[in-house]
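For reference, the structure is listed below as structure tokens.
The values are calculated or read from the model by the stated rules, or taken from the named source; none is laboratory data. Everything quoted here is computed from the prediction, not taken from an experiment. Every residue, glycine among them, receives a Cβ derived from its backbone with ideal geometry; neighbour counts consider all protein chains shown.
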């Protein structure tokens, strides 16, 4: 279940931890570090989920939740070091959908994220299965098949093929694909995309030396084409 997740956390280490775990789950993640930026980002990008720390500079998380709840029904998962029942009830009364106290288990946090996304996303809005010729990419099941046979992809390879399959015939530059791949493999260069493409071709092309599916558009980038 790939979703756009906004993380508002002023502690850089905590923000990076949450970001990495969300990326491993396949989500697109944006991180901001204060309440004003959280409000601006939530209004402009309309995320599927907001992971919101209570103790934020400029505008605290409770006020962010209060304001957003008047404008949006985005699910809000609050993070806080405040563990009293009154704090919990206040956050929920302001419109938070769930509340996790620090220190928390990242695995538990991801489980809470999955629950909120399942609740908020009707079946009709779930990502569709992408069929491009004899290639089928299923974002929900995280599977790829080519000519009816399963294709074993790494997380980075799957993300690339998913992006390309969602918009067949659209040409993506290496930089655009790298942006979608952000978080896999740490600090990587655009040429890393070429390596992933080469490996994907070995898995999905009838003849990797003469690709007809994952096609190079010289001087621009790559696109996914229907079988020719």
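Within the range 203-216, the set of residues being surrounded by 12 or more Cβ atoms within 10 Å (Cβ to Cβ) and over 11 Å from residue 161 (Cβ atoms) comprises 205, 206, 208, 211, 212, 215, 216.
With respect to residue 131, determine if the residue is surrounded by fewer than 18 Cβ atoms within 10 Å (Cβ to Cβ), part of a strand (DSSP E or B) and either in the same structural domain as residue 205 (by TED's automatic domain parsing) or at pLDDT 85 or above (or both). When the stated conditions are applied, residue 131 passes them. The set of residues in the range 15-35 that are in a helix (DSSP H, G or I), free of Cβ contacts under 8 Å to residues at least 40 places away in the same chain and surrounded by 15 or more Cβ atoms within 10 Å (Cβ to Cβ) comprises 15, 35.
Here's the yes/no breakdown for (1) assigned to a loop (DSSP other than H, G, I, E, B); (2) modelled with pLDDT under 90; (3) farther than 19 Å from residue 109 by Cα; (4) touching a helix residue (DSSP H, G or I) at 6+ places or on another chain (Cβ under 7 Å):
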{"site": "47", "(1), (2), (3), (4)": "yes, no, no, no"}
{"site": "52", "(1), (2), (3), (4)": "no, no, no, yes"}
{"site": "58", "(1), (2), (3), (4)": "yes, no, yes, yes"}
{"site": "66", "(1), (2), (3), (4)": "no, yes, yes, no"}
{"site": "69", "(1), (2), (3), (4)": "no, yes, yes, no"}
{"site": "78", "(1), (2), (3), (4)": "no, yes, no, yes"}
{"site": "83", "(1), (2), (3), (4)": "yes, yes, no, no"}
{"site": "87", "(1), (2), (3), (4)": "no, yes, no, no"}
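Checked against (1) within 22 Å of residue 4 (Cβ to Cβ); (2) in contact with a strand residue (DSSP E or B) (Cβ under 8 Å, 6 or more places away or on another chain); (3) modelled with pLDDT of 80 or more, residue 178 passes all but condition (2). If you go through the range 51-73 one residue at a time, how many are surrounded by fewer than 16 Cβ atoms within 10 Å (Cβ to Cβ) and in contact with a strand residue (DSSP E or B) (Cβ under 8 Å, 6 or more places away or on another chain)? Residues that pass the stated criteria total 1.
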